[in-house]
Structure formats: structure tokens, C-alpha cells
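The values are calculated or read from the model by the stated rules, or taken from the named source; none is laboratory data. Treat the numbers as computed from the prediction; the structure is a model and nothing was measured. Virtual Cβ from ideal backbone geometry, glycine too; neighbours counted across all protein chains shown. The accessibility values were calculated without ligands, DNA or RNA, using every heavy atom of the protein model including side chains. Shrake-Rupley method; radii C 1.70, N 1.55, O 1.52, S 1.80 Å.
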Amino acid sequence: MLYPTATDWLNAPRKQVMLFGMSGLGKTHLANLLREGGDWFHYSIDYRIGTRYMGEFIADNFKREAMKVPLLRELLLSDSVYISSNITFDNLAPLSTYLGKPGNPDRGGLPFDEYMQRQEQHRAAEIAALRDTPHFIARADALYGYANFVCDTGGSICEVIDPDNPQDPLMTQLADHVLPIWIEGSEAHTEELIRRFDRAPKPMYYQPEFLHAAWAEYQRETGRSPTQIDPDAFVRWTYARALAHRAPRYAAMARNWGLRVSAQEVAQIRQANDFVSLIAEKLPN
């Protein structure tokens, strides 16, 4: 690991970490807290995906919908209006909306092939954004003078690497520059995440093999054809299975490259020094 012992961590002039785990367990909250402390640079993978690597896809999708409206079509063709997304660290709705959900087009669903194409775009974008981490570490120091760095990953990081391969090229590169930290949820957290998702189902990235299997199984269970499937119902059904699918992958990432902290411990952090102390407790003396 980048910091083999607690002493190495505490004495390091530069503290560089990567937070990973399911969305909703405190990654971005903790990264914001560190940034607000004044001496941590916050690099958001999802923000980088949505602005640098998928920004054009997202904006073109908005324009495609706007072209269906005669007034907006006329204004767009005459360059009289400008359409773009307004992604922030805390509002990734444009990215989620673009990813979409498969199913009945009358309910906002996408054809499954188009949905999978957008999933592949996200996979490539996520890998590229993760590979940019060393660049942003150097950039944060050179431009802004930040010694400390937190990489705030998306929940799907475990889907774009091989967590059981200690030589996975992407994770090996990342572990050379940051300390990977898994924010692990309890069963109660999992139940709450499922309830929260059920209230407002959001598009996510999944491994192609997982999605193809889920899509086929859902059709068998419901007896519905692809164009009859309620998109929200499908992603709700898929979400709980995704949590179970990802948990052992996160665990393997922590085992091979980093360490784990609980979501409950993260919730108790009030300032950057609390975080530094918590990580020191998790490392060997």
C-alpha cells in the first residue's frame, strides 16, 4: 500500500486517498468535508465522466429532444440558443438521464441495444476518468498547491476492474498513487439504500454480463416482451441484485489494494483530522 503503516500515513507530507463503495454511503459527503477543510483537492470521477468524457453525448441527447420542438429546432439551427448540461459534484442528473433505462418507450424506456451502447460509453469513460487520477494529483499540486488529494469514485468502479486479480492494471496504477478505502455499509444501510432507490430509481452502470442475465431473467419472470417492460420496475428489480453482486467485489478490492472503514464510522467524521485519525487506526502500527 502507499502507506504501509499508521506512522507512514501520519508522517506523510501528502495524503492521497481513493474512496469507493456503493453510492449513498458517504463518499461524496466525506470528500466535500475534506475539501471544505481547506487543504484537500476533491477529484470526482462521476463529474469528470459527465463533463470531459460524456459531456458531448449528454448535450447531443438534449439537442435531439429539443429538435422535436419546432420553436427550439428553429433556434438551434440558427445558433440562437445554446444547450448544455449543468453537472455538479452533487447533481449528476444529466449523466443519469443520458444513461437511461431499458423498456417501454411510452414510459421513457430505451431499446435494449441502445441502452447497452450507452452503458459501454460509460464503461470507457469511467476507465479514462480513473486513469486521469495521477494527472489530477499533479495538477492539484502544481496549480493550486494542494498536498492532500481525495478521489471520489462512482459506485461502479468494481465493475470496470478485475477485483480478484492483484495485478489488475488499472487498480495497480491507482494504488501506486492513492490509498483505496472501501466505505462498507451494514445490512441496515443496504435496506435503506434499497428503500431510497425504490422511491426514486436512477440509472446506473452495470457489467454487460450482469445486465444481459438480469434482462433475460426479468422477461422470464414477468412474461413481458422488451417493449412491454416498465423501465422503473426493471431497474428497481435489478438494484438489490446489484448490491449483492458488488459487495464481494468491493471486499476483494479492499483486500488486494487497500482497507475498509464502515459507513457508520464515516458518518461520525466532523473534520479532516477525524478522517486522518480513523485511517491511522485501520493501518498496522
**Asked** Which percent of the accessible heavy-atom area of the stretch 109-252 goes to carbon and sulfur, probe 1.4 angstrom?
**Response** 50
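Sum -39500 (n - 2.57) across every DSSP H segment of at least 4 residues in the chain, then divide by the residue count to get the 222 nm mean residue ellipticity, nearest 500. Mind showing how you got there, number by number?
On the way: 14 runs with 157 residues, N = 285.
About -17000 deg cm²/dmol.
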**Prompt:** Quick one: which of 68-74, 185-191 comes out on top by average Cβ neighbours within 10 Å, and what's the full order, highest first?
**Reply:** 185-191, 68-74
**Prompt:** Using θ = phi - 60° and the Karplus curve 6.51 cos²θ - 1.76 cosθ + 1.60, what whole-Hz ³J(HN,Hα) does each residue of the stretch 108-122 get, with Gly and Pro shown as x?
**Reply:** x, x, 9, x, 4, 5, 5, 4, 5, 5, 5, 4, 5, 4, 5
**Asked** For helix 231-257, what angle does its Cα long axis make with the longest principal axis of the chain, in degrees from 0 to 90 and rounded to 10?
**Response** 20
**Asked** Looking at the square roots a ≥ b ≥ c of the eigenvalues of the Cα gyration tensor of the stretch 118-216, which shape do they give, rounded for a/c under 1.5, prolate if a/b is larger than b/c, or oblate?
**Response** prolate
**Prompt:** So, in Å, what gap is there between the alpha-carbon centers of the stretch 120-150 and the stretch 83-118?
**Reply:** 24
**Request:** Taking a cut-off of 27 Å between Cα atoms, list the lysines near Lys27, but don't count ones fewer than 8 places away on the same chain.
**Result:** Lys15, Lys101, Lys202, Lys282
**Request:** List the residues whose amide H sits under 5 Å from the amide H of Phe41, counting only those 5 or more places along or on another chain, with H placed 1.01 Å from N in the peptide plane.
**Result:** Asn148, Phe149, Val150
**Item:** Span from the the stretch 219-238 Cα centroid across to the the stretch 183-214 one, whole angstrom
**Value:** 16
**Prompt:** According to a simple spin-label model (label point 7 Å from Cα along Cα-to-Cβ), what is the distance in nm between Lys63 and Asn285?
**Reply:** 6.2
**Item:** Most mobile listed residue (Leu25, Leu76, Leu179) in the chain, GNM with C-alpha springs under 10 Å
**Value:** Leu76
**Prompt:** Once phi is turned into θ = phi - 60°, what whole-Hz ³J(HN,Hα) does the Karplus curve with 6.51, -1.76 and 1.60 give for every residue of the stretch 192-204, x standing for Gly and Pro?
**Reply:** 5, 4, 5, 4, 5, 5, 5, 6, 9, x, 10, x, 9
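Tally Lys/Arg at +1 and Asp/Glu at -1 over every other residue whose Cβ is under 10 Å from the Cβ of Pro169; what's the total?
On the way: positive: Arg131; negative: Asp162, Asp168.
It works out to a net charge of -1.
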**Asked** Given 0.36 nm per residue, what is the gain on full extension from Thr5 to Arg220 after removing their alpha carbon distance, in nm?
**Response** 72.3 nm
**Message:** At R0 = 41 Å, how high is the FRET efficiency between Met116 and Asp198 if r is their beta carbon distance? Nearest 0.05 is fine.
**Reply:** 0.95
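Just order 8-17, 98-107 by mean Cβ neighbour count inside 10 Å, highest at the front, would you?
Going by the mean number of other Cβ atoms within 10 Å, highest first, we get 98-107, 8-17.
In a shell of Cβ-Cβ distance under 12 Å around Val235, excluding Val235 itself, what net charge do Lys and Arg (+1) and Asp and Glu (-1) give?
Numbers: positive: Lys101, Arg107, Lys202, Arg236, Arg241; negative: Asp198, Asp230, Asp232.
Around Val235, the surrounding residues sum to +2.
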**Fill in**
Placing each pseudo-label 7 Å from Cα in the direction of the beta carbon, Arg14 and Asp164 end up separated by a distance in nanometres of 3.5
**Request:** Might you tell me the accessible area per residue for the chain, computed with a 1.4 Å probe and given in Å²?
**Result:** 49
**Request:** With θ set to phi - 60°, apply the Karplus curve 6.51 cos²θ - 1.76 cosθ + 1.60 along the stretch 143-155 and write out the HN-Hα couplings as whole Hz, x wherever there is a Gly or Pro.
**Result:** 8, 10, x, 7, 7, 9, 9, 10, 9, 9, 8, x, x
**Request:** Whenever you get a sec, compute what percent of the accessible area on the stretch 27-84 sits on carbon and sulfur atoms (1.4 Å probe).
**Result:** 52
